[in-house]
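Here's the structure, in structure tokens; my notes come after.
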There are 2 protein chains.
Amino acid sequence: MDPRVLRAMATPVIGHLDPAFLAVMDDVSQFLRQVFRTRNEFTLPLSGTGTAGMEAVMVNLLEPGDEVLVGVAGYFGQRMAEVARRAGARVQTVEAEWGTPLDPDRIEAALRERPARVVAFVHAETSTGVLQPPGPIVEVAHRHGALAVADCVTSLGSVPVEVDAWGLDAAYSCSQKGLGAPPGMAPVTFGERALERIRSRKSPVQSFYLDMTQLMAYWGDGARDRAYHHTAPISMIYALREALRLVLEEGLEARWERIGRVHRMLVAGLEAMGLRMLVAPEYRLAPLNTVVVPEGIDAAAVQRRLLDFDIEIASGFGPLKGKIWRVGFMGVNAEPKNVLSFLAAFETALREQGLRLEPGAGLAAAAAAAG
Amino acid sequence: MDPRVLRAMATPVIGHLDPAFLAVMDDVSQFLRQVFRTRNEFTLPLSGTGTAGMEAVMVNLLEPGDEVLVGVAGYFGQRMAEVARRAGARVQTVEAEWGTPLDPDRIEAALRERPARVVAFVHAETSTGVLQPPGPIVEVAHRHGALAVADCVTSLGSVPVEVDAWGLDAAYSCSQKGLGAPPGMAPVTFGERALERIRSRKSPVQSFYLDMTQLMAYWGDGARDRAYHHTAPISMIYALREALRLVLEEGLEARWERIGRVHRMLVAGLEAMGLRMLVAPEYRLAPLNTVVVPEGIDAAAVQRRLLDFDIEIASGFGPLKGKIWRVGFMGVNAEPKNVLSFLAAFETALREQGLRLEPGAGLAAAAAAAG
């Protein structure tokens, strides 16, 4: 994390109904609107992690018996379906192989057979490194009268997220990836159609903690009386405000370009080392790179060796367990020099595991790609 | 907050599956067991505020259609009933006037008419300043085959909480009151009977985020593989560990005694000023003191004046709105000198509002009560 964010974490705590703190909340909502590229009034950070954001969107938009279509092309798509089931919804899934994107035509065919109130998909699938093009899915959802909901946990702040331009009805993210705050908060945004859906509910939202109507009575600009719902996690909100300030000072476009440049360096280096990316070029998620483990290499041993250099990469989930590594460059860590140190350490670890590599080829290619 | 806790908040973040962080989690669970006075393995901080703790206990222990009895003698009892209803339970309440404790005989009579799986009550009712004697309610619940669940949001770390000695089956609290960490985490503990109930569920827990079985696969001592559930709020957990260390360094008994002494000073001072406490002496909650607003005094104006001295006290809720002030002395703030500054400022504000007071009488009585 940026030292400014760490310092904000240590700000002495004031009351969660103190006027000075309410001004901090207004800043956070306004900054989140800028980052989500939305004018949605209902834009705020929930007091929980990204999974709480997912649950909030599902339990507020769905009532028991509602039909929902969930696109599943990885672990977080599966989780969306599971959360929707626990909200009492009738869930149909449209699947795609892990490492590939969802096919909007198959979603449309499914909706034609069985209409749904909500179409939910993962914009940036953390388990596979696939960036899902959102436009066609939103278009299909709306054509069939469904709300379109996206998981932006690994995209927000790293690659373009355009809630209003894309017509997303609700989206959620986390604080610790592209935004560079500590983990523990879930930015969410709900558009007018989603609010209409919430207002016309026949049953109460099953979660009191995540009930958006009540949360907006505390957070909303219109809510000058700031109705008590739960004690806000003050320190986290200070930290998130500072992290959002850093994002906006850099500028979203400049940040996307920085993450993209680091991604291109990394891919150039890995491919020059003879390694293969899991995802086709047009669907790669810049901040989260999935690298195929070469035949005969012990993926976990490589990860352990990298820890000697204070470099932590993640393993694959589910069907990709042991088959890929997940290499993240996001927030303050997405810097060219970190790509070089990663590639140097990675080359070392792979050679120790017996992989034959041309020394320095990856580094040279990455450096060349830096321009 | 203590500066050591603030410093812990600013610790650079490491991975939530990093072995170094798993050791921090083990510390936190162990310290929480000491603070809750329990040997319950299932003892951990949830990634949410006290309200998330309440919801976790309800949605894990209750299935749709289950009978639950909730004791309601204030706002947080009402909230428990509401959360249980949203979990699909059939809720009966036993009420008591706000400012008085629940009557265990009335709970027993209600259970005789209509048995329940769970009896839930608030140990320390933040809205009224009543400390509920837990023993008789737990005894009645168990005699009628129900689990006993307590809200310890405002008691844990300030007054005795004895989960095992009292036989509580589940309890929850928050991080920011008696424990002195920032708000944002909810310590919970579940005993063997509660776990048995969870294991014998026929339906999944409606909240994925708060599903205790999954959370224990990440947190549990037995869970050496640390199954991923959600990204832990690393910084908050560092801060909570440091706050718990401070509690245990001071010693629970010494801490209770310190809070109690400050409470006695405060009450002596207020009564010498001619003010009246809402709650009868034997049911007063030491860290949260409820003072009756004298006839003709504008409660909100007094609170605003206190802010000039950086002193924030809270107003009444619901039926007590405008009728009481809530004055908290907990954590690092429960110090004799803070009682004196509060009484001095309070006397000033009340005199400005036209209340006739003998100058300095409150301060003298408080000082005398300090011993």
TODO: Pull up all non-local amide H partners of B:SER315: gap of 5 or more, or a different chain, and H-to-H distance under 5 Å with H placed in the peptide plane.
DONE: B:ARG326
TODO: Mind pulling the angle between the C-alpha long axis of helix B:50-61 and the longest principal axis of chain B? Nearest 10 degrees, somewhere in 0 to 90.
DONE: 40 degrees
Task: Where N is the number of residues in chain B, Cα Rg divided by 2.2 N^0.38 Å - done: 1.01
TODO: Obtain the nm distance between the two label points defined at A:GLU162 and B:ARG199 by a simple spin-label model: each point lies 7 Å from its Cα along the Cα-to-C-beta direction.
DONE: 5.4 nm
- [ ] Assign one of three labels to segment A:155-255, namely rounded, prolate or oblate, based on the Cα gyration tensor with a ≥ b ≥ c the square roots of its eigenvalues; rounded applies when a/c is under 1.5, prolate when it is not and a/b is larger than b/c, and oblate otherwise.
- [x] oblate
- [ ] Starting from the Cα-Cα distance between B:HIS142 and B:GLU282, subtract it from 0.36 nm times their residue separation and give me the gain in nm to one decimal.
- [x] 47.9 nm
Open item on the list: Can you compute the FRET efficiency between A:GLU95 and B:ASP310 using 1/(1 + (r/R0)^6), with r the Cβ-Cβ distance and R0 = 60 Å? Round to the nearest 0.05.
Closed with: 0.55
Open item on the list: Just to make sure I understand: if all protein chains stay in place, what is the order of A:LYS202, A:LYS177, A:LYS321 by accessible area at 1.4 Å, largest first?
Closed with: A:LYS202, A:LYS321, A:LYS177
- [ ] Can you list the distances in nanometres, one decimal and ascending, from the B:GLY135 label point to the identical position in each other copy, with the point 7 Å along Cα to Cβ?
- [x] 7.2
TODO: Using the Karplus curve 6.51 cos²θ - 1.76 cosθ + 1.60 with θ = phi - 60°, work out ³J(HN,Hα) for each residue of segment A:242-258 in order, rounded to whole Hz, and write x for Gly and Pro.
DONE: 5, 5, 5, 4, 4, 4, 6, 5, 5, x, 4, 4, 5, 5, 4, 5, 5
- [ ] Calculate the spin-label point distance for A:GLU295 paired with A:ASP105, positioning each point 7 Å from the Cα along the beta-carbon direction, and give it in nanometres.
- [x] 3.3 nm
Open item on the list: Restricting to DSSP H runs of at least four residues, report the calculated mean residue ellipticity at 222 nm for the protein assembly as shown, -39500 (n - 2.57) per run over all residues, nearest 500 deg cm²/dmol.
Closed with: -13500 deg cm²/dmol
Task: Exercise: per-residue mean of other protein chain Cβ atoms within 10 Å, A:310-319 - done: 1
- [ ] Counting only DSSP beta bridges with both residues in chain B, tell me the antiparallel percent, nearest 5.
- [x] 55 percent
Task: Label spacing, shortest first and in nm, from B:GLU295 to its equivalents in the remaining copies (7 angstrom along Cα→Cβ) - done: 9.4
Task: Share, in percent, of DSSP beta bridges within the protein assembly as shown that are antiparallel, nearest 5 - done: 55 percent
Task: Extension gain (nm, one decimal) between A:GLU257 and A:GLN303, 0.36 nm per residue minus Cα-Cα - done: 13.8 nm
TODO: Per residue of segment A:10-27, in order, report the coupling 6.51 cos²θ - 1.76 cosθ + 1.60 (Karplus, θ = phi - 60°) as ³J(HN,Hα) in whole Hz, putting x for Gly and Pro.
DONE: 8, 4, x, 7, 10, x, 7, 10, 5, x, 5, 6, 4, 5, 4, 4, 4, 4
Open item on the list: Taking a virtual spin label 7 Å from the Cα of A:ARG356 along the C-beta vector, which residues in segment A:282-321 bring their backbone nitrogen under 15 Å of it?
Closed with: A:295-296
- [ ] Rounded to the nearest 0.05, what FRET efficiency do B:ASP27 and A:ILE14 give with R0 = 25 Å and r taken as the Cβ-Cβ distance? Could you check?
- [x] 0.35
- [ ] Using only protein heavy atoms and a 1.4 angstrom probe, determine the accessible area buried between A and B, summed over both sides, in Å² to the nearest 100.
- [x] 3500 Å²
Open item on the list: Rolling a 1.4 Å sphere over the protein heavy atoms, what is the accessible area per residue of chain B, to the nearest Å²?
Closed with: 36 Å²
- [ ] Name the residues whose placed amide hydrogens come within less than 5 Å of the amide hydrogen of B:VAL72, ignoring near sequence neighbours (fewer than 5 apart) on the same chain.
- [x] B:VAL94, B:GLU95, B:ALA96
Task: Nearest 10 degrees, 0 to 90: helix A:75-86 Cα axis against chain A principal axis - done: 20 degrees
Task: Residues with amide H under 5 Å from that of B:THR154, placed H, sequence gap 5 or more - done: B:ALA124
Open item on the list: Can you classify segment A:322-371 as rounded, prolate or oblate using the Cα gyration tensor, where a ≥ b ≥ c are the square roots of its eigenvalues, rounded means a/c under 1.5, and otherwise it's prolate if a/b beats b/c and oblate if not?
Closed with: oblate
Task: Accessible-area composition of the protein assembly as shown, carbon plus sulfur, in percent [1.4 Å probe] - done: 52 percent
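The values are calculated or read from the model by the stated rules, or taken from the named source; none is laboratory data. Computed from a predicted structure; not experimentally measured. Cβ coordinates were reconstructed from backbone atoms using ideal geometry, including for glycine residues, and neighbour counts include every protein chain displayed. Side chains included, ligands, DNA and RNA excluded: accessible areas come from the protein's heavy atoms. Shrake-Rupley method; radii C 1.70, N 1.55, O 1.52, S 1.80 Å.
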